[in-house]
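Trainee: Pasting a structure here, questions to come.
The values are calculated or read from the model by the stated rules, or taken from the named source; none is laboratory data. Only a predicted model underlies this, so the values are computations on that prediction, with no experimental measurement involved. We place every Cβ from the backbone using ideal geometry, glycine too, and count neighbours over all the protein chains shown.
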Amino acid sequence: MSSASKPSEPPRQALQGVRVLDMTNVLAGPFATLHLALLGAEVIKIENPTDGDLARKLGNVPKLNRELMGTSFLAQNSNKKSFTLNLKEAEGKEIFKKLIGSADVLVENFRPDVMSRLGLAYPELSGINPRMIYCAISGFGQTGPDALKPAYDQIIQGLSGVMAINGDERLNPLRTGFPVCDTVGGLTAAFAVLAALYHREQTGEGQFIDVALLDSIMPLLGWVAANLLIGQQQPVPMGNENFTAAPSGTFATKNGYINIAANKQEQWETVAELLNLPELKHDPRFQERDSRKLNRRELTPLLEAKLQEKETAFWVELLNQHSVPSGAILGLEDALNQPQVQHRQTLQSIPVDGIGELRLFGMAAKLAKTPGGINAPPPRLSAHTDALLKELGYAPSDIQRLKGEGVI
């Protein structure tokens with residue numbers, strides 16, 4: 001066969017050859033390691049032999065929960081291997097330490113004292129493998145007055161100020177509709193691991209990474225916090241309104257609602273023209289950005305009176321044609337199936353034995369040279385234990401004995 005006719009090799013993945021030991025549960029940690037897995041890392045999910053990651057039991061399909069393949073688990077664990085190990089057993093610790101010798105990264109999201117009590121804290125493990133990067137994810141970080149407190153996403157939403165700025169005068173405080181602190185914490189951890197891997201490439205050194213969910217979410221409040229820290233302005237819950245501009249928010253139409261973001265002066269003037277309200281451009285209440293913000297309660301009804309004459313789709317098309325950002329407010333099913341999301345392949349299909357074809361989120365960033373994505377389904381509990389033990393030198397008889405003793 002000529003070289004011209006040979007099939008091309010698949011592109012190299014960004015984290016190809018990187019081995020990650022994933023000791024995490026539920027969401028923040030698994031979300032971090034999912035992104036490493038989508039980028040091509042070999043992620044070995046270390047789970048307790050009884051029932052594994054708690055997320056295996058979480059979801060709205062009882063049958064899948066009983067099979068330890070709950071929808072919450074399926075959402076965060078593509079491309080990973082499942083290795084069961086009882087770390088309370090001496091031989092379980094011995095196996096774990098052998099894995100550490102081959103690992104590039106370890107990620108865990110226990111409370112700060114758990115790994116120390118197991119005798120598996122960073123100082124011990126870095127003695128085995130000084131090149132290893134150890135990432136600990138927790139609610140409040142490894143030190144400080146709140147370090148040992150338990151934390152779930154909603155607790156962090158409340159303590160971070162997120163709930164206090166959501167909603168409006170009728171409904172406040174208000175949590176976001178998805179676990180934003182967990183997911184942002186996971187992204188923060190993945191970002192930090194990549195930085196540490198780059199540092200290791202330059203120096204050969206591993207390091208310890210301390211990620212707190214509370215730390216991770218607070219920078220997302222940047223503009224709101226800056227108004228307070230620099231301008232001494234307390235945040236006011238504004239619901240669907242944008243505090244930086246007006247008209248910028250959600251408005252009623254003939255058949256529903258539309259988001260309009262006329263954040264620039266020329267966009268505001270275009271809105272006034274398109275709605276056949278040119279006189280508003282010269283009304284002193286609305287002429288300048290700051291005056292419009294102060295008088296948004298008077299402005300919104302004037303705009304909605306016109307917007308309610310036609311349907312959302314009409315206004316979306318018209319406003320976007322004239323460079324005014326606008327969009328419909330979609331339900332989740334419509335959002336997941338809209339043409340742009342399909343074009344971007346935001347969701348990927350993967351068959352899962354015993355469950356069928358699933359649509360799951362793949363790699364959001366599109367890397368031209370090292371594309372990432374889903375190439376393996378979320379694993380059944382312990383699906384890769386035997387193969388990984390064989391790689392470590394354990395004979396079939398050893399594996400059977402370890403199973404009988406509850407080590408794996």
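Trainee: Out of all the residues in the range 205-216, is one or more surrounded by fewer than 16 Cβ atoms within 10 Å (Cβ to Cβ), at pLDDT 95 or above and more than 26 Å from the chain's Cα centre (by Cα)?
Mentor: Yes - at least one qualifying residue is present in the range 205-216.
Trainee: Please state which one of ALA147, ALA192 is without any contact (Cβ under 8 Å) to a residue 60 or more places away in the chain and in contact with a strand residue (DSSP E or B) (Cβ under 6 Å, 6 or more places away or on another chain). Explain how you work it out, then say what you get.
Mentor: Details: ALA147 fails: in contact with a strand residue (DSSP E or B) (Cβ under 6 Å, 6 or more places away or on another chain).
Only one candidate qualifies: ALA192.
Trainee: Could you please find all residues in the range 331-354 being surrounded by 12 or more Cβ atoms within 10 Å (Cβ to Cβ) and either over 26 Å from PRO371 (Cβ atoms) or in contact with a Phe, Trp or Tyr (Cβ under 7 Å, 6 or more places away or on another chain) (or both)?
Mentor: Listed by number, the residues that qualify are THR346, LEU347.
Trainee: Would you check if there is a residue in the range 358-377 being part of a strand (DSSP E or B) and in contact with a Pro (Cβ under 9 Å, 6 or more places away or on another chain)?
Mentor: Residues of the range 358-377 part of a strand (DSSP E or B): 358-361.
Filter once more, so that each one left must be in contact with a Pro (Cβ under 9 Å, 6 or more places away or on another chain): 358, 360.
Yes, that holds for at least one residue.
Trainee: Among the numbered conditions (1) under 18 Å from VAL107 (Cα atoms); (2) surrounded by fewer than 20 Cβ atoms within 10 Å (Cβ to Cβ), tell me where GLY186 comes up short.
Mentor: (2)
Trainee: Going through the range 86-115 one residue at a time, which ones are free of Cβ contacts under 8 Å to residues at least 60 places away in the same chain, surrounded by 15 or more Cβ atoms within 10 Å (Cβ to Cβ), of a type outside the set (Val, Ile, Thr) and within 28 Å of GLN154 (Cα to Cα)?
Mentor: Within the range 86-115, ARG111, PRO112, MET115 qualify.
Trainee: While we're looking at this one, here's another question. Just checking, how many residues over the range 303-312 are part of a helix (DSSP H, G or I) and surrounded by fewer than 18 Cβ atoms within 10 Å (Cβ to Cβ)?
Mentor: In the first step, residues of the range 303-312 are kept if they are part of a helix (DSSP H, G or I); the result is 303-307, 312.
With the extra rule that they be surrounded by fewer than 18 Cβ atoms within 10 Å (Cβ to Cβ), the set shrinks to 304-306.
Matching residues across the range 303-312 total 3.
Trainee: Among the listed residues PRO339, PRO351, identify the single one that is under 36 Å from the mean Cα position of the chain (by Cα) and in the same structural domain as LEU68 (by TED's automatic domain parsing).
Mentor: Values: PRO339 fails: in the same structural domain as LEU68 (by TED's automatic domain parsing).
The conditions single out PRO351.
Trainee: Ok, one more. Please work out which one of (1) closer than 15 Å to ALA28 by Cβ; (2) at pLDDT below 95 is the condition ARG170 fails and give its number.
Mentor: (1)
Every residue, every condition in (1) of a type outside the set (A, V, I, L, M, F, W, C); (2) within 23 Å of the chain's Cα centre (by Cα), yes or no:
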{"position": "ASN375", "(1), (2)": "yes, yes"}
{"position": "LEU388", "(1), (2)": "no, no"}
{"position": "LEU402", "(1), (2)": "no, no"}
{"position": "GLU405", "(1), (2)": "yes, no"}
